[in-house]
Amino acid sequence: MKRKGLGYVLLLALCLTACGGKEADSDAGQITPTQTVEENAEVTPTESVKAPETTPTSEPTPMEKAEATPTQAVGDENMNEDNKTNETQEQAEPTPFVPENPDQMPTLEEEIKLSLTERMSVFGQATGTDNSDGSVTFAGGSINKCMVPLPSTVKKGTSISVTVTGSFASDADSSIRVYLTNQAMENCSVSIQSIANKGDGTMEASVELEAALDASALMLASSSYDTYFQNVTIAGIVVGGDIEISTPENPSYAEAAASEWYQTLLSDAQVSLGNNKRLKAVIAKAQAGEQITIASIGGSITEGAGATKYKECYAYQTYESFKNAYGAGDGSNVCFVNAGVGGTPSTFGFMRYQRDIVDRVTDEDGLPDIVLVEYAVNDGGEPTNHGCYESMVKQILQQPNHPAVILVFSVFPTGYTLQNELVKVGTTYDLMMVSTRDGAFQFVGDKWTSEEFFYDIYHPTTLGHKVMADSIFATIQAAAAQPEAETDINLDVPAAYSTDYIGLKTIFKDSYEDSIDLSLGSFTADDGGAYQNIPIGKVYAKNFYHTANAGNESLTFEATCKNFMIAYRAVSDASYGKIEVYVDGVKTKTINGNTGSWGQSVTDLIFAEDTAEKHTIEIKMAEGDENKKFTITCMGYTE
């Protein structure tokens, strides 16, 4: 890439409106014969009820702690109570460059308008909703960080100017931060610049950003985790200057794909080909022109984090490869549903499996035919000790259409993965299993640098996603090439961990069994900060939200069940407090919503018993926190 001059001008026009943009399409992650995905979409127990002796995810897992406090090379981007004052002081030192007319800032000879569809999620956070006019709306309290790639690298020591115009739709003081960043999502600016709400709803300011490190993107973020506004609409970003924009294919992949060592990689990734009887049946259906659906469920890697575009994520690329190889004609009879949600464990995945996968399948039988399950880096500290993971896998296998299940084991750059634990489930049911650790990871640091394969400390790059997809599809091809298994998978075997959660019923605010006699109490509102992404849209728009000063009436229901779990929004916000959960009138657990996390849905197991009994569940704000907020995403129990 080439550019003229020492710097270039970024014009960032923001329009913040009280109405907001259109809602994300709830079926955005489903590909049917008549649907497409945007080409560039970014991607104290009682004697009778015992609290489980597990590590609840109300306390951050090592991964969540890392996500909440990412390493920063320059300054501390984390907005906890200890560093807010320091950051304010640091931001007050530089004097922003404000010309007489910010709309007429000097530019170079040419201007290039960047596509907002190239924006990228940060740690799986929401990337906003696309509007019909090309703008993007961030709704529900916080801009939650969003990266917009720059067309060329801003070298260390180079300064650029950023002009921001618009208005704030806010009931309180608020501001946004603008700074330079890189693929590691570090703060690369000498000083983070803040653009504040002046109180009249307007905003017009120009700031200068100097690169303390080489930077490849612009980061937008709320001023702090307790700074909220109704919504933010980004209308456009214009780069001035003679800058080439190109996205060449990574030559490392092109060279690798034809090499002998790459074939070794694909072979080593095949932990097990599994019983292929179901796979062969699905392939036969697809080749005969019958409509079949490939589905994926997992965390942010399955969602597509780290890939430049949504269609470059491993799950979508696996679907594309299968469609092209086995679909009839143009392959339009092969459909795709993606239910990846960042920062969440299989417990939450199982709670939403029916809604986010089955309810979105358009096949005649209404069930997915192949399901990719990816939780190897998300289930650390998961409260059921892999019980929900195994229960979900077995429940899928019990579907009347006899689907094939593929276990996908991802890995962090550190080599962290729960593969050795989850492989026991795959072995128990003779499933196809694919490993990034066993395959690609051995070549990171040899054939590829870590920066080439990993986008950040959690997610693969587009290259990494492509290698994952190649590994999965090569395993599918290898299994398909084997003689068909004489008998189907034997499901009448002892559990690897537990199948006590099979038949899990989920209580969503807008969908639950009438027999439980649910009363919302003071948890009647909907938290507008609900997580949303490209594959699904709003993940839980209807939720059980206790607003500040809403009162302290209890949420109650009755159910005959042997276990009970809660999924709730974990934030870093002092306005959020604790809830107390009572089972049959006895306080069983206290859950803190202000955990230092970034807003993902965390799960906690309240109790687990061997047999089902009728229980009365009561949830209310803890003493002293009656005037604080708390968001319950959903609840689940097994009869």
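The values are calculated or read from the model by the stated rules, or taken from the named source; none is laboratory data. Quick caveat, the model's predicted, so the values are computed rather than measured. As a convention, Cβ positions derive from the backbone with ideal geometry for all residues, glycine included, and neighbour counts pool all protein chains shown. These area figures cover heavy atoms from the full protein model, side chains too; ligands, DNA and RNA do not enter into them. Shrake-Rupley method; radii C 1.70, N 1.55, O 1.52, S 1.80 Å.
Annotations for the structure displayed:
- From the list GLY329, GLY306, the one residue that fits, being out of contact with any Lys or Arg (no Cβ under 9 Å at 6 or more places or on another chain), surrounded by fewer than 24 Cβ atoms within 10 Å (Cβ to Cβ) and assigned to a loop (DSSP other than H, G, I, E, B), is GLY329.
- Some residue of the stretch 455-467 being within 20 Å of VAL377 (Cα to Cα), touching a strand residue (DSSP E or B) at 6+ places or on another chain (Cβ under 9 Å) and either among the hydrophobic types (A, V, I, L, M, F, W, C) or surrounded by fewer than 17 Cβ atoms within 10 Å (Cβ to Cβ) (or both): yes
- If you go through the stretch 287-303 and keep only what is in a loop (DSSP other than H, G, I, E, B) and surrounded by fewer than 24 Cβ atoms within 10 Å (Cβ to Cβ), you end up with ALA288, GLY289, GLU290, GLN291.
- Filter result for ASP610 (acidic (Asp, Glu), within 23 Å of GLY381 (Cα to Cα) and more than 27 Å from the chain's Cα centre (by Cα)): yes
- If you go through the stretch 509-560 and keep only what is in a strand (DSSP E or B) and hydrophobic (A, V, I, L, M, F, W, C), you end up with ALA525, PHE544, LEU555, PHE557, ALA559.
- Considering each residue of the stretch 569-581 in turn, at least one proves to be farther than 30 Å from ALA269 by Cα and in contact with a His (Cβ under 9 Å, 6 or more places away or on another chain).
- Filtered by the rule that a residue be open to solvent by less than 10 Å² (accessible area, probe 1.4 Å) and assigned to a helix (DSSP H, G or I), the stretch 351-384 gives MET351, ARG352, ASP356.
- Residue in the stretch 613-639 that is nearest to the chain's Cα centre (by Cα), counting only those that are of a type in the set (Lys, Arg) and open to solvent by 50 Å² or more (accessible area, probe 1.4 Å): LYS628
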